Amino acid sequence: MPTRVHAPVILSIQGITKTFSTGKDRHSRLVVLRGVTLDVAEGEIIAIVGASGAGKSTLLHIVGTLDRPTSGSVLYEGTDVFSKSDEELARFRNEKIGFVFQFHHLLPEFSALENVAMPALIRGKKFPEVRERALGLLKEVGLEERAEQKPPKLSGGEAQRVAVARSLMNMPRIVLADEPSGNLDSTNAEMLHTLLWDYSRKTGQTFIVVTHNEGLARKADRVVRIADGIVDSRRVLEP
């Protein structure tokens, strides 16, 4: 699989730390990230692996601007996103970043098609304006015929493919996936990872995927291991 690691840097993570309070005592702190630094190239697929509690999901939430770091910076195309207000960050997330979570977080009262369209609706678009794009994305993930089904009628693998389609709705520059195949059997897990990899190759979008499945992770351009809240430089692996 060809890599794109020599493309321009789209994302630069610089010295990120994250500390949480663990009790009433202001000195009781849990340090989760300890100065993570990592550059990500445009169109690159990075898989992040590591033991439970190593800080993988915390890092992804910070990169996705769902949480602010204790210190350090995240630069998107040279701009420090955490210099933005919360309102500006919300707009930035909606326009520039796609998310796929371990639990698909589809809205059960809406159809698969409506779920896929939701990021565009949040952006202020009307459903008739975006219906064809949402339907096209469902076709991309092989679920065009399930467009009118609601999430309770979908299998786990189908629901995650709808979540992938939803993450792509606003044509984000970067897609972040947090254990997207964690609740799937091996066949559906491999299918989902292949779907992500193939889409990145076709569109040039950047994917950062947290996964516990190192076999699937090695199909990415790079495998980055986090241990004890830091990127282990000895374990930034080529697949």
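Condition first: modelled with pLDDT of 90 or more and acidic (Asp, Glu). Can you find one or more residues in region 146-166 that meet it? Scanning region 146-166, I find at least one residue that is modelled with pLDDT of 90 or more and acidic (Asp, Glu), so the answer is yes.
Looking only at residues in region 169-183 that are part of a loop (DSSP other than H, G, I, E, B) and at pLDDT 80 or above, which one is surrounded by the fewest Cβ atoms within 10 Å (Cβ to Cβ)?
If we filter region 169-183 for residues that are part of a loop (DSSP other than H, G, I, E, B), which is where we start, we get 169-173, 179-183.
Those left that are additionally at pLDDT 80 or above: 169-173, 179.
Working: Met169: 23, Asn170: 20, Met171: 13, Pro172: 19, Arg173: 18, Glu179: 19.
Ranking the candidates gives Met171 first.
Kindly indicate the residue of region 2-29 that is exposed (fewer than 11 other Cβ atoms within 10 Å of the Cβ) and not polar (S, T, N, Q) and also modelled with the lowest pLDDT among those meeting that condition. Selected residue: Pro2. The residues in region 184-210 that are at pLDDT below 85, within 14 Å of Val164 (Cβ to Cβ) and among the polar types (S, T, N, Q) can be counted, and the count is 4. Here Glu140 clears all of (1) among the acidic types (Asp, Glu); (2) touching a strand residue (DSSP E or B) at 6+ places or on another chain (Cβ under 7 Å); (3) at negative phi except the condition numbered (2).
Residues in region 143-155 that are touching a residue at least 40 places away in the same chain (Cβ under 8 Å) and either part of a helix (DSSP H, G or I) or more than 24 Å from Gln102 (Cβ to Cβ) (or both): how many? Show your work before the answer.
Taking region 143-155 and keeping what is touching a residue at least 40 places away in the same chain (Cβ under 8 Å), we get 150-152, 154.
Subset that is either part of a helix (DSSP H, G or I) or more than 24 Å from Gln102 (Cβ to Cβ) (or both): 151-152.
Qualifying residue count, region 143-155: 2.
When the strands (runs of 3 or more DSSP E) confined to region 27-103 are screened for residues that are among the hydroxyl-bearing types (Ser, Thr, Tyr), those reaching at least 2 such residues are found at 71-76.
Applying the condition of being surrounded by 14 or more Cβ atoms within 10 Å (Cβ to Cβ) and either in contact with a Gly (Cβ under 8 Å, 6 or more places away or on another chain) or among the hydroxyl-bearing types (Ser, Thr, Tyr) (or both) to region 85-103 and asking which residue is nearest to Ser57 (Cα to Cα) yields Gln102. Taking the conditions (1) surrounded by 14 or more Cβ atoms within 10 Å (Cβ to Cβ); (2) out of contact with any strand residue (DSSP E or B) (no Cβ under 8 Å at 6 or more places or on another chain) in turn, Glu145 satisfies each one other than (1).
The set of residues in region 99-117 that are within 15 Å of Asn170 (Cβ to Cβ) and either at pLDDT below 90 or polar (S, T, N, Q) (or both) comprises Phe99, Val100, Asn115.
Taken over region 117-142, residues that are buried (at least 21 other Cβ atoms within 10 Å of the Cβ) and not in a helix (DSSP H, G or I) amount to 1.
Do the conditions hold for Val162, that is, is it free of Cβ contacts under 8 Å to residues at least 60 places away in the same chain and buried (at least 23 other Cβ atoms within 10 Å of the Cβ)?
Values: free of Cβ contacts under 8 Å to residues at least 60 places away in the same chain: yes; buried (at least 23 other Cβ atoms within 10 Å of the Cβ): yes.
Criteria met by Val162.
Condition check: surrounded by fewer than 18 Cβ atoms within 10 Å (Cβ to Cβ) and assigned to a helix (DSSP H, G or I). Does Glu114 satisfy that?
Details: surrounded by fewer than 18 Cβ atoms within 10 Å (Cβ to Cβ): no; assigned to a helix (DSSP H, G or I): yes.
It is false that Glu114 is surrounded by fewer than 18 Cβ atoms within 10 Å (Cβ to Cβ) and assigned to a helix (DSSP H, G or I).
Screening region 79-100 for residues that are in contact (Cβ under 8 Å) with a residue 60 or more places away in the chain and out of contact with any helix residue (DSSP H, G or I) (no Cβ under 8 Å at 6 or more places or on another chain) and picking the one that is farthest from Ala177 (Cα to Cα) gives Glu95.
The values are calculated or read from the model by the stated rules, or taken from the named source; none is laboratory data. All values derive from a computational prediction rather than experimental measurement. Every residue, glycine as well, gets a Cβ built from its backbone with ideal geometry; the counts of neighbours run over all protein chains shown.
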